[in-house]
Amino acid sequence: MRKIILLIALFISVVSCNNNTSKNTVKILPDSAGPVNKIAIVVDNELWNNTVGETIRNIMAQPIDGLPQEEPIFSLNQIPTQVFTGFAKQGRSILKVEYGEPNFKIERNTHARPQKIVTVSGKNIEEIKAQITKNADNIIQALKTEEIRHKQKQMSKSLSRTKNVQESLGIKVKFPSYYRVTKTAATPEDKFNWIKRDIPTGYTNVLFYELPLNAIKKNDSLVSQIIKTRDSIGKKFIPGPVDGSFLGTEMAYAPHVFETIIDNKPTIEVKGLWDVKDQFMSGPFIMYLIEDRVNNRYVVAEGFAFAPSVSKRNYVFELESIIKSIRIN
């Protein structure tokens, strides 16, 4: 009888262990891969070569606002559905288009980690196109967020240990060690900070400073207020190569202004072109004014690039990734 009871207890113990092991098993996923801002489009050739493909390209490869020449939001790599296997499934950012019930969904870490797969489906070509168009903003936002997260992770491998920027403005911001501090706040009143990176054809920069909350009013003159503000900062802190010149706003192209969120705070996003008057120097800038109502101020971060004759998309994207790492203490 004792042997029987012992055998039963042992059997129950083994079954229990096996169940627990099964429940606690974690699926091990390979690392995702792919160049920054290159999106895999998983779609049959038949759809890619007709108006579905045209709709995808018009949305996913539309020109970026605020660049001096046309450059697409994303570079696209079409993968036929039947060859979406093996290593192809390890892409970091994927848009899948397929036949089925009209639907739009976002999945994370399905075949690799980190990974985001956006799937759009419809019963026929017209329904598929309608789903893509209807969810265009969500598709771009989902995949761009994944790309920014990836870029921030890349940069975090070698972060600057400089604390001047953070301490003078009461913020946390992550930027790579290959950015050098060009200027830090000289006094408690002067909270202007400037970091810079040399690149093969020029340089990229990020400025950090603050403005009183009442300095910018969200009304019909918002664009002119922003131009006046950034030009005054440029005149005070960023001189040009000759006396009297400074970093200003290119007036031939009106800046694009949007609303966004950084650090869970309402933020004004501005994209446009900067120039140095009469010096044939210009390039793109992005500017974010983050509402910090607790401290009655805007925390302002502006990135600008000087990179003549080369693509500027990924340089500006890096500046955006740095700025979107800001957290206000």
Any aspartates and glutamates whose Cα falls less than 12 Å from that of Lys191, other than same-chain ones fewer than 8 residues away, would be Glu167, Glu210
Give me Rg/Rg_expected for region 159-328, where Rg uses Cα atoms only and Rg_expected = 2.2 N^0.38 Å with N residues. 0.97
Please list the helices of the chain that count as membrane-span-like by this rule: a mean Kyte-Doolittle hydropathy of at least 0.5 together with Cα atoms stretching 18 Å or more along the helix axis, each helix being a complete DSSP H run. 2-24
Computed for region 38-154: size of charge dipole around the Cα centre, +1 on C-beta of each Lys and Arg, -1 on C-beta of each Asp and Glu, debye to nearest 20, value 660
The chain - percent relative contact order, Cα under 8 Å, separation 6 or more: 14
In percent, what relative contact order does region 165-246 have, based on Cα pairs under 8 Å that are 6 or more apart in sequence? 17
Relative contact order in percent for region 38-154 (Cα pairs under 8 Å, 6+ apart) equals 25
Once the in-chain neighbours fewer than 8 apart are removed, the aspartates and glutamates whose Cα is under 13 Å from Lys174 read Glu318, Glu320
Hull volume in cubic angstrom per residue (convex hull over the Cα atoms of region 37-160): 116
Centroid-to-centroid separation of region 95-127 and region 164-184 [C-alpha atoms, Å]: 40
Scattering from the C-alpha atoms of the chain alone, worked out with Debye: what is log10 I(q)/I(0) at q = 0.10 1/Å? -0.70
Suppose every K and R has +1 on its Cβ and every D and E has -1 on its Cβ; what is the size of the dipole of region 128-283 about the Cα centre, in Debye to the nearest 20? 620
May I ask you to order 259-267, 271-279, 308-316 by the average number of other C-beta atoms within 10 Å around their residues, highest value first? 271-279, 308-316, 259-267
Could you tell me which residue out of Gly86, Leu159, Val120 lies farthest along the dipole of region 76-173 toward its positive end? Charges go on the beta carbon: Lys and Arg +1, Asp and Glu -1, centred on the Cα centre. Leu159
Return the lysines within reach of Lys312: Cα separation strictly under 17 angstrom, same-chain partners fewer than 8 residues apart disregarded; answer none if there are no such residues. Lys38, Lys144, Lys151, Lys196, Lys271
If you take all C-alpha pairs in region 22-102, what percent of them are over 22 Å apart? 38
What's the magnitude of the charge dipole for the chain around its Cα centre, counting Lys and Arg as +1 and Asp and Glu as -1 at the beta-carbon? Answer in Debye, nearest 20. 1700
Rounded to the nearest 500 deg cm²/dmol, what is the calculated helix-only ellipticity per residue at 222 nm for the chain, with -39500 (n - 2.57) per DSSP H run of length n ≥ 4? -9500 deg cm²/dmol
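No value in this document is a laboratory result; all are computed from the given coordinates. Quick caveat, the model's predicted, so the values are computed rather than measured. All Cβ positions, glycine included, derive from the backbone under ideal geometry; neighbour counts span all protein chains shown.
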